[in-house]
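Down below is the structure, laid out as C-alpha cells.
The values are calculated or read from the model by the stated rules, or taken from the named source; none is laboratory data. This structure is a prediction, so every number in the text was calculated from the model and none was measured. Positions of Cβ are generated from backbone atoms using ideal geometry, with glycine treated the same way; all protein chains shown enter the neighbour counts. Just so you know, the surface numbers come from the protein's heavy atoms only, side chains and all, with ligands and any DNA or RNA stripped out. Shrake-Rupley method; radii C 1.70, N 1.55, O 1.52, S 1.80 Å.
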Amino acid sequence: MATLEAVPVQAEAPGGSAPSPDGVLLHPYLFPVPVIKVPQQLSPSLRKQLAKQCNSKQGEEFIAELEQARSKLTTALESPSVSDVAVNEAVGSYVALLLGLVAAGGGANGAAAPLAADAVAAAAETPDEALEAAEGGAARNGHSSGAPLAAPPSRLRHAVRWGWAEAVLAPPPGSQPRASGAADAAYELASVLLAAALRLAHAAAEASKDSASGVPTPASTRSYKLLREAAGLLELVAGQLAPALPAGLSADLDPQVVRAVSSVALADAQQLTVLRAVAKGNQPALIAALGADTAQLYGQACSQLADAAAPGAAASKLWHYGQYKQAYCLAYAHAFNGIALWKADQPGQGLMSLEAAAAQLAAARRASGTYDAAPPATLNLHHRRVDEDLERVINDTQRRMKRENDTVYVQRVAAEVPPLPAGKRLVSPLPYVLPQPAPSVKSGVVEQCFGEGPAPAAAVAAPTAAPGAQAMHAGGSGAAATGSAAAGGAAAAPSGGGSEQGCSCCRWLAFMVASPLLVLLWLVGAVLWVLLLPLKCCCPCIGLPLQWLIDAVLGLLKLPARALLWATGGEPQPEGGSKK
C-alpha cells in the first residue's frame, strides 16, 4: 500500500484523484519458497546407463546432448543470478530432449485455444489490466493448454534412474533432507516442471520482498507474471503427470500437494492485485470481492494439503501460511465491505463489518506466530509491516465511520456480520504447453539407434532421507534406492543357500588378510577423487576420458565395501539398478 490514509479519503470523496499507476508502491508478503528443488547427480553417468542400448554414433550424440542439457538446467535452477528467460530456455531445451525418453517419437502436443469472454480478466498479464477488465475494460484473447503426451511409451522410458531432492514439505527439525527417485522418465519430466515452478515462485517472492520504501510497480508486475507462470506449470504436473506416477513415490509430486502450491501461487498473485486496487483507489466493493476470493484460494490450498497422502502435509509451513493469509485476506474483505456499506449510507452495517475485520486480523496474527515457528523458522519482521498496515486501515476507517454515524446517521451497529460480496477472481494460471520434441527426437533417434530398454519395475522406492554429503546415484545407489535395494535383498535371502556362498570362515580369513591392501587402494582412490573433482567441474570438454578415469576411481572407493559384503555372504548389487 502506498499511502494508507488514502483509503478513508476514497470512502469520503469517491471523486478524489488516485495515485499514478507507475508511482504505486506496495508492501506485500509472498510465501518464501525455502529450498529450490534441484536434481541429484547421476552416477554412473547418463551416458553410461543409456550406452547399453545404444548402437550408433547418432545415439551417442543424442546422449551427450541430453546430458549437457540437464547440466545446464541444474545450473539455471541453482543459481539465483540466472534470469527468468534463461531458466525457461533451459527447461524448454531439456524437456524437448527428455520427451524422447518419455513417449515414442516425443509424443504429440495439442494446440492452444482461445479463452471464453468471461475469462478475459483472469487472463490479463498485469494487475492493472485485470482491474481494468473487471471494471469494464476491453476484451482480450488468451490461451489454454492442449493435450500433452498421447503417444505410446518410449523404449527408454525406464532405462535411467532419476533422483531429486524434496523441497515443498520441509522435514522436521534435526532430520536429514529428503529425496526420491524412480527409473521412469515421466517422473523426471514431472520433477523438472515442478522444479521450474518453484524456481519461478522463489524469484517472485524475492522480487517483491518488502522494504521501507516499498515494492515498485515493475517488481510487483514481474512477481505477478512469475506466479501465474508457476501456477501453469503446477497445473500441468498435478493434472496430467503426477496422477500417472505410483502413489507414495514422492511427497513433492503428491497431486494434492502440487495443487496446493498452485493455489498458493495464484492467491499470492491475486493478493498483489488486491494491494494494487487499494493503492489505486478502486471501488471498495471490488476490493472486498477480491479479498474474499483470495481468502477462498488460501483456504482451498489448506484443504488440499489436508487431503494429501504425503505425511506431514497438513502441518507443514505451507499449510500454516495458508491459514495465516486466509484470515488476513478475510480481514481485508470485511474492512472494504464495511467501507462499501458506509458509502451506501449504512454505517451501522459497516461498523459491524469493521469489527469482523478486526477479529480476523487478530486471528491472522495468531496464525502468523504458528507460521513463523513452523520449520524452517521465519521472522515476523518480514510480514509485520503488512499486518500493521491493515490494522491502521481498520482503525482509521472505524474511527471516522463511528464519528460520522454518531453525528449524522445515528444508526445502531448491526447485530450480525453483513455477508461478504461474491468472490471475484482476476487471476488464472498462464498455461504451460510442452515444447515440441527436439529435431533428433522427431527424426526417431531413440527408435533407430537404441535397443529395447528394461521393463518398468514392479515396485518403486518411497521417498527417503538423503545423506547430507552424498548425492543420489542412479542405478539403485543413493538415498532414493535404499528402500528398493533392501527390499530386493530381503526377497532374495530365502533363495540363497549356504552351499552357494561357500565357507564363511574362509571368506572372513581372506578378507582379514587382504584388508591392509584394500585400505591402501581406498586411500589411493580417495586422493585421486579429490584431485579429479576440480578437473571434472571445470573441464567438461574432456568428459569421456575423464569419466572412464572417475569410474575406475569409484571402483577403488567401493572395493572395501564390496569385499566386506562378499565376506558376509551378501550379493553385490548390479550397476544398472537394484537387484530384482
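Scan region 174-185 and tell me whether some residue there is part of a helix (DSSP H, G or I) and open to solvent by 10 Å² or more (accessible area, probe 1.4 Å).
So the first thing to find is which residues in region 174-185 are part of a helix (DSSP H, G or I), and the list is 185.
Adding the requirement that they be open to solvent by 10 Å² or more (accessible area, probe 1.4 Å) leaves none.
Looking for residues that are part of a helix (DSSP H, G or I) and open to solvent by 10 Å² or more (accessible area, probe 1.4 Å), one finds none in region 174-185, hence no.
Quick one: would you say Ala165 is modelled with pLDDT under 75, closer than 27 Å to Leu200 by Cα and within 28 Å of the chain's Cα centre (by Cα)? When the stated conditions are applied, Ala165 does not pass them.
Would it be correct to say that Val427 is farther than 27 Å from Ala362 by Cα and free of Cβ contacts under 8 Å to residues at least 12 places away in the same chain? Explain how you work it out, then say what you get.
Working: farther than 27 Å from Ala362 by Cα: yes; free of Cβ contacts under 8 Å to residues at least 12 places away in the same chain: no.
Judged against the criteria, Val427 is not a match.
When you scan region 256-264, do you find a residue that is over 30 Å from Gly23 (Cβ atoms) and surrounded by fewer than 20 Cβ atoms within 10 Å (Cβ to Cβ), even just one? Yes, region 256-264 contains a residue that is over 30 Å from Gly23 (Cβ atoms) and surrounded by fewer than 20 Cβ atoms within 10 Å (Cβ to Cβ). The listed residues are Ala455, Ala459, Ala474, and the only one of them that is at pLDDT below 90, closer than 24 Å to Leu253 by Cα, in contact with a helix residue (DSSP H, G or I) (Cβ under 7 Å, 6 or more places away or on another chain) and open to solvent by 60 Å² or more (accessible area, probe 1.4 Å) turns out to be Ala459. Within region 275-293, residues that are farther than 21 Å from Pro216 by Cα and modelled with pLDDT of 90 or more reach partners that are surrounded by fewer than 24 Cβ atoms within 10 Å (Cβ to Cβ) and of a type in the set (S, T, N, Q) with beta carbons closer than 8 Å, at six or more positions or on different chains, in the pairs Pro284/Gln10.
Does Gln304 meet the test of being surrounded by fewer than 24 Cβ atoms within 10 Å (Cβ to Cβ) and part of a helix (DSSP H, G or I)? Taking the combined requirement at face value, the residue does not satisfy it. Quick check on my filter: what residues within region 375-396 are within 27 Å of the chain's Cα centre (by Cα) and hydrophobic (A, V, I, L, M, F, W, C)? Once the filter is applied, which keeps residues that are within 27 Å of the chain's Cα centre (by Cα) and hydrophobic (A, V, I, L, M, F, W, C), region 375-396 yields Ala377, Leu379, Leu381, Val386.
The number of residues in region 187-240 being closer than 15 Å to Leu434 by Cα and open to solvent by 20 Å² or more (accessible area, probe 1.4 Å) comes to 4. Scanning region 91-114 for residues that are modelled with pLDDT of 85 or more, within 26 Å of the chain's Cα centre (by Cα), open to solvent by 30 Å² or more (accessible area, probe 1.4 Å) and more than 30 Å from Gln283 (Cβ to Cβ) turns up at least one hit. For first residues located in region 56-69 and closer than 14 Å to Ser93 by Cβ, partners that are open to solvent by less than 10 Å² (accessible area, probe 1.4 Å) and assigned to a helix (DSSP H, G or I) and lie 6+ apart or on another chain with Cβ distances below 6 Å form the pairs Phe62/Val445; Leu66/Leu97; Glu67/Leu46; Ala69/Tyr94; Ala69/Leu97. So for region 308-323 (the condition being open to solvent by less than 50 Å² (accessible area, probe 1.4 Å), among the basic types (Lys, Arg), in contact (Cβ under 8 Å) with a residue 40 or more places away in the chain and under 21 Å from Asp210 (Cβ atoms)), does at least one residue qualify? Yes, region 308-323 has at least one match.
Residue-by-condition table, conditions (1) under 23 Å from Pro284 (Cα atoms); (2) part of a helix (DSSP H, G or I); (3) hydrophobic (A, V, I, L, M, F, W, C):
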site: Ala310; (1), (2), (3): no, no, yes
site: His320; (1), (2), (3): no, yes, no
site: Gln326; (1), (2), (3): yes, yes, no
site: Trp342; (1), (2), (3): yes, yes, yes
site: Asp345; (1), (2), (3): yes, no, no
site: Gly348; (1), (2), (3): yes, yes, no
site: Tyr371; (1), (2), (3): no, yes, no
site: Pro376; (1), (2), (3): no, no, no
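Among the residues of region 365-395, how many are of a type outside the set (Lys, Arg) and either touching a Cys at 6+ places or on another chain (Cβ under 6 Å) or under 19 Å from Leu330 (Cβ atoms) (or both)? Final tally of qualifying residues: 15. What are the residue pairs meeting all of these: first residue in region 353-374, first residue closer than 19 Å to Ser316 by Cα, second residue open to solvent by less than 40 Å² (accessible area, probe 1.4 Å) and of a type in the set (Asp, Glu), Cβ atoms under 8 Å, and 6 or more apart or on different chains? Once the first residue is closer than 19 Å to Ser316 by Cα and sits in region 353-374, its partners that are open to solvent by less than 40 Å² (accessible area, probe 1.4 Å) and of a type in the set (Asp, Glu) give Ala364/Asp387; Arg365/Asp387; Ser368/Asp387. When Leu169 is tested against (1) surrounded by fewer than 19 Cβ atoms within 10 Å (Cβ to Cβ); (2) closer than 27 Å to Leu381 by Cα; (3) of a type outside the set (Phe, Trp, Tyr), exactly one condition is not met: (1).
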